[in-house]
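*Asks:* Input: one structure, supplied below.
The values are calculated or read from the model by the stated rules, or taken from the named source; none is laboratory data. Just so we're clear, the structure is a prediction, and the values are computed from it rather than from any experiment. For neighbour counting, all protein chains shown are included, and Cβ atoms are generated from backbone atoms with ideal geometry for every residue, glycine included. Note: accessible area is taken over every heavy atom of the protein model, side chains too, but ligands, DNA and RNA are not part of it. Shrake-Rupley method; radii C 1.70, N 1.55, O 1.52, S 1.80 Å.
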Amino acid sequence: MIDRRDALAGMAAMFGAALFAPIARAAGVAVAPVISDGPPSAPVFTAQQRALMTALSERVMPTTDTPGAITAGVPEFIEKLLADWAAPADRKPIVAGLDAIEARSRSDYKVAADKATSAQQDALLTLAMENKLPGGADFFDKFRQLVLTGYFTSEVGITQEREYLPVPGQYDGAYPYSKVNKVYSS
């Protein structure tokens, strides 16, 4: 059985000291309901912010030969994590970043950011990443962590993007790396 809490612990190790506080809180609790069960305790986003957060999560982890962020339930994970595991101050850079991206999209493209083309959304995310929007770099780092954590701790991320083998087989120290198809997750 896949355990999201164990997967969260692995994500915590991957991000290390730069881990976004709500992810660290959720990963550090030994006994708690599974993070993705049920709706968030309170809405975090307006309808427009939720639509943009959903669109941008798919730009960070797009559908390719495996499902993307939306199919993996990443937008729901993000809102649940921010509602139930984040302090109000933890939510501010995410909400402010979404608002800054929305304002820039309306200014540059004359369209709501969630309705912008994929290339325009990528350009807006790049502006955030390069800190060319108010609070952009802080938003981008935290948002990217939320998307990656939500994706790689989901059933889709664990079983389709990676290969889930509780016992991955015999040890072969001379196995050629070029023959590895997927990274194993446990």
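*Asks:* Quick one: what pairs do we get from region 126-142, first residue under 16 Å from Leu56 (Cα atoms), second of a type in the set (Gly, Ala, Ser) and open to solvent by 50 Å² or more (accessible area, probe 1.4 Å), C-beta under 8 Å, 6+ apart or different chains?
*Replies:* That search, which allows pairs on different chains as well, returns Phe139/Ala96; Asp141/Ala18.
*Asks:* Only helices (runs of 4 or more DSSP H) wholly contained in region 52-134 count here; list those with 2 or more residues that are open to solvent by 30 Å² or more (accessible area, probe 1.4 Å) and modelled with pLDDT of 95 or more.
*Replies:* Per the criteria, 88-108, 118-129.
*Asks:* Going residue by residue through region 173-183, is there one that turns out to be open to solvent by 30 Å² or more (accessible area, probe 1.4 Å), closer than 18 Å to Thr54 by Cα and modelled with pLDDT under 95?
*Replies:* Checking region 173-183: not a single residue is open to solvent by 30 Å² or more (accessible area, probe 1.4 Å), closer than 18 Å to Thr54 by Cα and modelled with pLDDT under 95.
*Asks:* Within the bounds of region 153-161, is there any residue that is of a type in the set (Val, Ile, Thr), at pLDDT 95 or above, within 29 Å of Thr66 (Cβ to Cβ) and not in a helix (DSSP H, G or I)?
*Replies:* no
*Asks:* Given the residues Thr46, Thr64, which is the only one that is free of Cβ contacts under 8 Å to residues at least 12 places away in the same chain and more than 18 Å from the chain's Cα centre (by Cα)? So that I can check it myself, show each step before the final result.
*Replies:* Working: Thr64 fails: more than 18 Å from the chain's Cα centre (by Cα).
Result of the check over Thr46, Thr64: Thr46.
*Asks:* Could you list, in sequence order, the residues of region 50-86 that are touching a helix residue (DSSP H, G or I) at 6+ places or on another chain (Cβ under 7 Å), among the hydroxyl-bearing types (Ser, Thr, Tyr) and within 14 Å of Glu161 (Cα to Cα)?
*Replies:* Within region 50-86, Thr66, Thr71 qualify.
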